[in-house]
Amino acid sequence: MIFENERVRVLEYSDGPGDRTHPHAHPDSLMYTLTSFRRRLSAGGRRVELELPSGQVRWLSARVHAGENIGETPAHALFIELKEPSAVAAPSTAELGPSTS
């Protein structure tokens, strides 16, 4: 953890090719990619593969998911997690991966 107060938490994440995470939860968050990487995300029986360039900011709706680095390079990103829940619940059809909006 890099920073935390009553409203946000800032996390730094990195892993290497082939590394996997166990299912875990994130609140509504912003992700800033520090490196380019390829990743597979799994949630609720769905899977998506993403290629994310360095220097991107993406919105992540609250979710439970697992991830895997499927690329040939390390993944390195910052997550800015919002502690206050959204006033509007995310629909069950929400994107599994990060969005640009």
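The values are calculated or read from the model by the stated rules, or taken from the named source; none is laboratory data. Owing to the predicted nature of the structure, the values given are computational and were not obtained by experimental measurement. Glycine also receives a Cβ, built like all others from the backbone with ideal geometry; neighbour counts cover every protein chain displayed.
Test each condition in (1) farther than 18 Å from residue 21 by Cβ; (2) surrounded by 13 or more Cβ atoms within 10 Å (Cβ to Cβ) for residue 75 and report the one that comes out false. The failed condition is (1). Test of understanding: among 84, 12, which residue is at pLDDT 95 or above and among the charged types (D, E, K, R)? So the residue among 84, 12 that is at pLDDT 95 or above and among the charged types (D, E, K, R) is 12. If the condition is being loosely packed, with under 12 Cβ neighbours inside 10 Å, in a strand (DSSP E or B) and either free of Cβ contacts under 8 Å to residues at least 12 places away in the same chain or touching a strand residue (DSSP E or B) at 6+ places or on another chain (Cβ under 6 Å) (or both), then the range 13-46 contributes only 25. Within the range 63-87, the residues that satisfy the criterion of being farther than 14 Å from residue 8 by Cβ and hydrophobic (A, V, I, L, M, F, W, C) are 64, 66, 70, 75, 77, 87.
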